[in-house]
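Let me begin by presenting the structure, written as structure tokens, before commenting on it.
The values are calculated or read from the model by the stated rules, or taken from the named source; none is laboratory data. Small disclaimer: the values here were computed from a predicted structure and weren't measured. With ideal geometry, Cβ positions are generated from the backbone for all residues, glycine too; neighbour counts draw on all protein chains shown.
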């Protein structure tokens, strides 16, 4: 049996710890325990945005996209000036095949916090819609902000696009 005491009584405030569960669990049973713990947190405090984000990520990882989307919708309503709920809701829209919706969420997240916004995620959605110039601009911005993983995508698109 897993034990997540830090999630039973509180939910971490920094991004790395909030995503910890989504990165390390292997089975649906482990996710179910975390979902249960976070549901307990939310029963006591329905406006706990980190708990909504984290439970949404756990739902997303177990294929429960509609439930994830509902948690992210609630988090977006509660934290209108926070880029993170928009970013993770964008991931949910991606999984549901809604590239335009994902781009809208990523764009709003970028507007709120350009330095940490989901430039690469938005670039990939632009690419999925055939919008290579827009994708290239996003990859270039990601590289400017220090995202070295975006370099190969940027360079690949530079080779594909002839700019005026």
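Residues that are surrounded by 17 or more Cβ atoms within 10 Å (Cβ to Cβ), under 12 Å from the mean Cα position of the chain (by Cα) and at pLDDT 95 or above: does the stretch 134-155 have at least one?
No, the conditions are met nowhere in the stretch 134-155.
If only one of 9, 26, 14 is surrounded by fewer than 18 Cβ atoms within 10 Å (Cβ to Cβ), under 17 Å from the mean Cα position of the chain (by Cα), modelled with pLDDT under 90 and on the phi < 0 side of the Ramachandran plot, which one is it?
After ruling out the rest, the residue left standing is 14.
Taking the options 110, 151, name whichever one is in contact with a helix residue (DSSP H, G or I) (Cβ under 8 Å, 6 or more places away or on another chain), part of a helix (DSSP H, G or I) and either closer than 25 Å to residue 36 by Cα or without any contact (Cβ under 8 Å) to a residue 24 or more places away in the chain (or both).
After applying the criteria, what remains is 151.
Of everything in the stretch 104-118 that's surrounded by 23 or more Cβ atoms within 10 Å (Cβ to Cβ) and closer than 15 Å to residue 142 by Cβ, which residue is modelled with the lowest pLDDT?
The residue in question is 117.
Hey, does the stretch 57-72 have a residue that's surrounded by fewer than 20 Cβ atoms within 10 Å (Cβ to Cβ) and more than 30 Å from residue 33 (Cβ to Cβ)?
No, there is no match, as no residue in the stretch 57-72 is surrounded by fewer than 20 Cβ atoms within 10 Å (Cβ to Cβ) and more than 30 Å from residue 33 (Cβ to Cβ).
Checking residue 51 against (1) in contact (Cβ under 8 Å) with a residue 40 or more places away in the chain; (2) within 30 Å of residue 158 (Cα to Cα), which test does it fail?
Against the list (1) in contact (Cβ under 8 Å) with a residue 40 or more places away in the chain; (2) within 30 Å of residue 158 (Cα to Cα), residue 51 comes up short only on (2).
What residue, of 130, 97, 63, is in the same structural domain as residue 154 (by TED's automatic domain parsing) and part of a loop (DSSP other than H, G, I, E, B)?
None of the other options fit; the residue is 130.
What residue, of 51, 79, 75, is over 23 Å from residue 28 (Cβ atoms), assigned by TED's automatic domain parsing to the domain that holds residue 28 and under 15 Å from the mean Cα position of the chain (by Cα)?
Details: 51 fails: over 23 Å from residue 28 (Cβ atoms); 75 fails: over 23 Å from residue 28 (Cβ atoms).
None of the others qualify; the one that does is 79.
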